[in-house]
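*Asks:* Below: one structure in structure tokens.
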Amino acid sequence: MNYNERVFWWDTVAMPQGDPAPLPEKVDVAVIGSGFSGLSAARTLARRGARIAVLEAESLCWGASSRNGGMVLTGMKVGIRKLVPRYGLEATRRMYAASLASIDCVEKIVKEEQIACDFARCGHLEVACKPAHFAAFRRSAEIIARDFNHQLRVVPRSELRSEIGSTIYHGGLVDQVSAGLNPARYVAGLAHAARRAGAQLFDHARVSTIEHSSRNGSGGFQLTTARGRLWARDVFVGTSGYTGTATPGLHKRIIPIGSFIIATEPLSEELARELSPHNRMIFDSKNYLYYFRLTPDNRMLFGGRAAFFPETGNTIRRSAEILRRGMISVYPQLRDAKVAYAWGGTLDFAFDIMPHAGQMDGMYYAVGYAGHGVAMATYLGSKVAEMMCGDREPNPFTDIKFPGAPLGLYNGKPWFLPFAGAWYKLLDLVR
Ligand SMILES: Cc1cc2nc3c(=O)[nH]c(=O)nc-3n(C[C@H](O)[C@H](O)[C@H](O)COP(=O)(O)OP(=O)(O)OC[C@H]3O[C@@H](n4cnc5c(N)ncnc54)[C@H](O)[C@@H]3O)c2cc1C
């Protein structure tokens, strides 16, 4: 295959540049990470009048936020049939409501800030890889209608052709509320919005250490970065799958997992409509799932957790082969379509596969999106920022326990990923 080893979305927008000025000596809040979490928090805080420095280790918007599938999805990675026994019906209702509110939050920001990112409520389609998965779709749709007052549409196999130009699935589930967007344009727009609100954005400013330090009788933090030191009264951490040793408490609670995407050359309008008649955000029911969609210029963007390890030249090349085979197994019509781009990025999984937000070691954070971060990271970034400003609105993801590894057997280096990968592959075979 002869493709660009580069993020397709990056070729659709000029990314914002970092502030060339030296770091300020002192700010109200240092925001670590310039993705959806950090920039959404920075925008909210700056609009409330706080002095903000966003500190990004790489170029601005470099992380998962500019590389993802752009699927703005309802629900969480863990389905409600597992969440209700774990947290109870009321808490699960609040979480599910937050997932719907998070999409409204993205839509509102896109409108308010006039971000040209192709946001559209095109809906999502989940497709069943086995008859048993389709039976589970039916049960979930019933429960979600009854207990969560949200309607999903069950699509039997005989009618699936109206939703997808593939014959391999056993049925589907449509949620009209979900949306799609161009993530790089969206995160770039968020960066411009945070800057317009008054935040300063510094690239190549990796934070290496954070120490408690008071100044003029006021508690705070001294941060050491690749561009010098600064003092902040508060810290917000939005480092997701790239969380490192600067925040050790989060580092040992977050597992970084690779996710990879290929994009074809633009397809003809006719073929594009055949593959996805309603332009849905599509994903399947496996643990090692495939997720796919059309881009606004009619490329097939096809992603998956083809390798569990984060992105390197090697994992991207291996994943591109696996994903191309996967794409053709779903859509034999794409046998001759040329793969034009292949890339990867890193997801953040907590040990309970849930989003978590709140305060740890005196610092605020929002992490753990498990591949559902476009809407949730935007939402939790702004909710935690409101909490930092003293708002007391309850947040269902601050109240839940944030577990570490069983027996504490994890220091931030995911030695168990090959075993976890093999385990999930086995589950996909037997269940
Ligand atoms: C390939 C892929 C496809 C995905 N598809 C979807 C999808 O379709 N829908 C969906 O909802 N979600 C998807 N996700 C998940 C989603 O992209 C993430 O959950 C979301 O972008 C997380 O945003 P964030 O701001 O928390 O983190 P990120 O965007 O990853 O930003 C974190 C930033 O922190 C910086 N950083 C880390 N450490 C430091 C430090 N010490 N100092 C300074 N900066 C630091 C990093 O350089 C990085 O830029 C996908 C993810 C990937 C990788």
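*Asks:* Counting just the residues of segment 271-330 that are modelled with pLDDT of 95 or more and of a type in the set (Val, Ile, Thr), which one comes out farthest from residue 176 (Cα to Cα)?
*Replies:* 328
*Asks:* Can we say residue 81 is charged (D, E, K, R) and at pLDDT below 95?
*Replies:* Spelling it out, residue 81 is indeed charged (D, E, K, R) and at pLDDT below 95.
*Asks:* Search segment 1-53 for residues being of a type in the set (Ser, Thr, Tyr) and modelled with pLDDT of 95 or more, and hand back the single one that is surrounded by the fewest Cβ atoms within 10 Å (Cβ to Cβ).
*Replies:* Let us first name the residues in segment 1-53 that are of a type in the set (Ser, Thr, Tyr), namely 3, 12, 34, 37, 40, 44.
This time we only want the ones that are modelled with pLDDT of 95 or more, so: 12, 34, 37, 40, 44.
Values: 12: 17, 34: 33, 37: 35, 40: 30, 44: 25.
Restricting to residues being of a type in the set (Ser, Thr, Tyr) and modelled with pLDDT of 95 or more, the top hit is 12.
*Asks:* Take segment 333-376 and flag every residue that is farther than 25 Å from residue 181 by Cβ, in contact with a helix residue (DSSP H, G or I) (Cβ under 8 Å, 6 or more places away or on another chain) and not acidic (Asp, Glu).
*Replies:* Result: 333, 335, 351, 358, 360, 364.
*Asks:* Among the residues of segment 119-147, what is the count of those that are surrounded by fewer than 17 Cβ atoms within 10 Å (Cβ to Cβ) and either free of Cβ contacts under 8 Å to residues at least 12 places away in the same chain or not hydrophobic (A, V, I, L, M, F, W, C) (or both)?
*Replies:* Matching residues across segment 119-147 total 10.
*Asks:* Looking at 189, 228, 220 in this structure, which one is buried (at least 16 other Cβ atoms within 10 Å of the Cβ) and farther than 17 Å from residue 46 by Cβ? Show your work before the answer.
*Replies:* Values: 189 fails: farther than 17 Å from residue 46 by Cβ; 228 fails: buried (at least 16 other Cβ atoms within 10 Å of the Cβ).
Residue meeting the stated conditions: 220.
Residue by residue, here is whether (1) part of a helix (DSSP H, G or I); (2) at pLDDT below 95 holds:
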{"site": "383", "(1), (2)": "yes, no"}
{"site": "392", "(1), (2)": "no, yes"}
{"site": "404", "(1), (2)": "no, yes"}
{"site": "415", "(1), (2)": "no, yes"}
{"site": "420", "(1), (2)": "yes, yes"}
{"site": "425", "(1), (2)": "yes, yes"}
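Condition check ((1) surrounded by fewer than 23 Cβ atoms within 10 Å (Cβ to Cβ); (2) modelled with pLDDT under 95; (3) not aromatic (Phe, Trp, Tyr)) across all residues:
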position: 166; (1), (2), (3): yes, no, yes
position: 170; (1), (2), (3): yes, no, yes
position: 176; (1), (2), (3): yes, no, yes
position: 180; (1), (2), (3): no, no, yes
position: 184; (1), (2), (3): no, no, yes
position: 193; (1), (2), (3): yes, no, yes
position: 198; (1), (2), (3): yes, no, yes
position: 202; (1), (2), (3): no, no, no
position: 210; (1), (2), (3): yes, no, yes
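*Asks:* While we're here: Please work out which residue is farthest from the ligand (Cβ to nearest atom), limiting yourself to segment 338-369 and to residues that are buried (at least 21 other Cβ atoms within 10 Å of the Cβ) and not in a strand (DSSP E or B).
*Replies:* 354
*Asks:* How many of the residues making up segment 40-83 are within 10 Å of the ligand (Cβ to nearest atom) and not hydrophobic (A, V, I, L, M, F, W, C)?
*Replies:* 12
*Asks:* Pairs needed: first member in segment 192-216, farther than 18 Å from residue 363 by Cβ and among the basic types (Lys, Arg); second member anywhere, within 16 Å of the ligand (Cβ to nearest atom) and outside any helix (DSSP H, G or I); C-beta distance under 8 Å; at least 6 residues apart or different chains.
*Replies:* 195/16; 195/201
*Asks:* Check 170, 124, 150 and return the single one that is in contact with a helix residue (DSSP H, G or I) (Cβ under 9 Å, 6 or more places away or on another chain), within 22 Å of residue 95 (Cβ to Cβ) and of a type outside the set (A, V, I, L, M).
*Replies:* Just one listed residue meets the conditions, 150.
*Asks:* Filter segment 259-298 down to the residues that are under 21 Å from residue 315 (Cβ atoms) and aliphatic (A, V, I, L, M), then identify the one that is nearest to the ligand (Cβ to nearest atom).
*Replies:* 261
*Asks:* Could you please let me know if residue 69 is touching a residue at least 40 places away in the same chain (Cβ under 8 Å) and touching a Lys or Arg at 6+ places or on another chain (Cβ under 9 Å)?
*Replies:* Yes: the conditions hold for residue 69.
*Asks:* So which residues in segment 260-281 are of a type in the set (S, T, N, Q), part of a loop (DSSP other than H, G, I, E, B) and in contact with a Leu (Cβ under 7 Å, 6 or more places away or on another chain), if there are any at all?
*Replies:* Here is the first cut: in segment 260-281, the ones of a type in the set (S, T, N, Q) are 264, 268, 276, 279.
This time we only want the ones that are part of a loop (DSSP other than H, G, I, E, B), so: 268, 276, 279.
Matches in segment 260-281: 276, 279.
The values are calculated or read from the model by the stated rules, or taken from the named source; none is laboratory data. Everything numeric here is computed off the predicted structure, so don't read it as measured data. Cβ sites come from the backbone with ideal geometry, for glycine too, and all protein chains shown count toward neighbours.
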